[in-house]
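A.B. asks: This is the structure I want to talk about, given as structure tokens.
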Amino acid sequence: MQSFLTPMSSMPPPPPPMSPMGDPVRASVRHLLTRAYKLPCSTAAQAYTQIVQPTSRFQLALDALLPLLDPNTPAELAQRILVAFLLYSLYAPHPIAINPFKSVLFVTFLKEREKAVSVAQAGEVSPNEQLVWVLWKILKGDGNDIGPYSPSTLAQSPLPPKLRATNLNLDDQMYNTVFDLDDANYSYTQDNYRLRSASSDHSPSIDFSSNAFSVNEPPRRVITPAADRQNERIAQAMKLLLVARERVLTLSEQRLLNPLIPELAASGMIASLDLTSIIAFNPPLAHPLFVGLLDGAKQAQHNLPSPFLDILPFLPPTLATFDLLGRLLRDQTPVGSGMYTVASLVRAEVLGRFVHECINWLEHAENEEREGLISDDRFTKGVQNLCRFYHSLIKLGIVDPAADTDSAEMMHFALRNARLEEANALYRVLAMGKF
């Protein structure tokens, strides 16, 4: 929908609160940890390195990642798997023996395995079996095998009996000696260490075709250069989306981010609370972002209407907001297994309440103007914008002026402000019941 007027004068949204580190990096990492479950582990790791400068990665890992690995910390299984992989990935190019978080990972493995074995002895399956397996893979030097899979998939997929905690062992002598990693074959010597599995002498690879782990002989799954480049692009786009909550993106940044919005929307990384600030700073991103989120509700089998629609009625009545609503109300992208379109969903679930909240906002602005609390023309401009927006909906056939349920509140509002040309013209159209 085309914009009609210059934007109303309004104060920009306040900047996000500064973290103890003096910048929003810590908040961005927290957001990553709570939203990256559906992305491949390798993509989440690349996002972490994109967000955090090299000189800060170790300290931030101590402050933000390690506490979540603690069994006494209330964290979801997928989040703990993600944290374990991030601690591994920071030093992945080097042998696990020189990873500074090696000892913490090993102690966590021992504690989690002990819990899992205790549950297994009672004839049950421990919910932390997948975490034990992930830590085992990392500590035996096969962490890269986990990279292509998301923490959510790893946490939810059942393990075969051969890969249960009772069959996974590590030799603690590996943490008391210095050694070199030459290949995937390990033997026990005084200067070396032994890794053993009760099921096989080879490292298992993962097959998710039946939503379960299965043990296969090498070759292992390899991340191709094309997939690695795509993961890097997604990580960069994720960083830009986090930045979009705090400032206006450049045109080159928008061009990089736009093609990847559907993948980010489907990843579960975006929260409803993020959308208001993204829309305020970067209105051009709002329409494709909402379409991706609504389509993601279909892919994730969420019930429609999507919870992301709940923020739309409460957006301020600015030209950017009217432009966004107009675009959504004309978008025929199918959602909800084809039962709805973006337009029909927004028309049914958002439009009426949006108009009601706009009227409330403008009445409040009028009262503040009358009491001398504001001296700008936000009320007048707002009435003009809302009336032109609603008039355009009538022209497009989105709103029926003859339907009382559609137009009664707006007709009353237009009559009350008929001293303004736009409100007067809209009232005449609504009163005649036709265009």
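The values are calculated or read from the model by the stated rules, or taken from the named source; none is laboratory data. Keep in mind that what you see is a predicted model, and the values were worked out from it rather than measured. No Cβ is skipped: glycine too gets one built from the backbone with ideal geometry, and neighbour counts run over all protein chains shown. Calculation scope for accessible area: heavy atoms of the full protein, side chains included, ligands and nucleic acids excluded. Shrake-Rupley method; radii C 1.70, N 1.55, O 1.52, S 1.80 Å.
A.B. asks: Using a simple spin-label model with points 7 Å from Cα along the Cα→Cβ vector, what separation in nm is obtained for LEU251 and VAL117?
C.D. replies: Here the answer is 6.4 nm between the modelled labels.
A.B. asks: Here's another thing I want to ask about it. Which of the pairs LYS102/LYS137; LYS111/LYS140; LYS111/LYS239; LYS102/LYS239; LYS137/LYS162 have their Cα atoms more than 24 Å apart in this structure? Before the final figure, lay out each step's value.
C.D. replies: On the way: LYS102/LYS137 12 Å; LYS111/LYS140 17 Å; LYS111/LYS239 34 Å; LYS102/LYS239 28 Å; LYS137/LYS162 14 Å.
From LYS102/LYS137; LYS111/LYS140; LYS111/LYS239; LYS102/LYS239; LYS137/LYS162, over 24 Å: LYS111/LYS239; LYS102/LYS239.
A.B. asks: As a test of reading the structure, rank LYS111, LYS102, LYS239 by solvent-accessible area (1.4 Å probe, protein chains only), most first.
C.D. replies: Values: LYS111 105, LYS102 25, LYS239 70 Å².
Putting LYS111, LYS102, LYS239 in descending order of accessible area: LYS111, LYS239, LYS102.
A.B. asks: What order do TYR427, TYR48 take when sorted by accessible area (1.4 Å probe), most exposed first?
C.D. replies: Details: TYR427 65, TYR48 0 Å².
Ranked from most to least accessible, the order is TYR427, TYR48.
A.B. asks: Set the Förster distance to 30 Å, then compute FRET efficiency between HIS94 and SER56 from the Cβ-Cβ distance, nearest 0.05. Let's see the in-between values first.
C.D. replies: On the way: r = 19 Å, r/R0 = 0.64.
So the FRET efficiency works out to roughly 0.95.
A.B. asks: Another question, then. Checking the a/c ratio against 1.5 first, then a/b against b/c, what shape does the Cα gyration tensor give for the stretch 318-378? Provide the component values of the computation, followed by the final result.
C.D. replies: Values: a/c = 6.44, a/b = 2.97, b/c = 2.17.
It comes out prolate by the Cα gyration axes.
A.B. asks: Can you give me the solvent accessible area of ILE98 with a 1.4 Å probe, rounded to the nearest 10 Å²?
C.D. replies: 110
A.B. asks: Moving on. When the Cα centres of the stretch 360-403 and the stretch 49-102 are compared, how far apart do they sit, in Å?
C.D. replies: After rounding, the separation between the Cα centres reads 51 Å.
A.B. asks: Let me ask something else. Let me cross-check MET339: its accessible surface, 1.4 Å probe, with only protein heavy atoms counted, in Å² to the nearest 10?
C.D. replies: 150
A.B. asks: Any chance you could look up the accessible area of LYS395 with a 1.4 Å probe, heavy atoms only, rounded to 10 Å²?
C.D. replies: Per-residue accessible area (LYS395): approximately 130 Å².
A.B. asks: Determine, from the Cβ-Cβ distance of ALA271 and GLU76 and an R0 of 22 Å, the FRET efficiency 1/(1 + (r/R0)^6), rounded to the nearest 0.05. Walk me through the numbers before you get to the answer.
C.D. replies: Numbers: r = 15 Å, r/R0 = 0.70.
E between ALA271 and GLU76, to the nearest 0.05, is 0.90.
A.B. asks: Rounded to two decimals, what is Rg over Rh for the stretch 19-81 when you use alpha-carbon atoms and the Kirkwood radius?
C.D. replies: Numbers: Rg = 11.5 Å, Rh = 12.2 Å.
Value, to two decimals: 0.94.
A.B. asks: Let me ask something else about it. Using a 1.4 Å probe and counting only protein heavy atoms, arrange ARG233, ARG255, ARG164 so the residue with the most accessible area comes first.
C.D. replies: Working: ARG233 105, ARG255 160, ARG164 70 Å².
Result, largest first: ARG255, ARG233, ARG164.
A.B. asks: Gain in length, ASN367 to ASP310, computed as 0.36 nm per residue apart minus the alpha-carbon separation, to one decimal in nm? Don't skip to the answer; put the middle values down first.
C.D. replies: Numbers: separation 57, 0.36 × 57 = 20.52 nm, distance 2.64 nm.
Difference between extended and current length: 17.9 nm.
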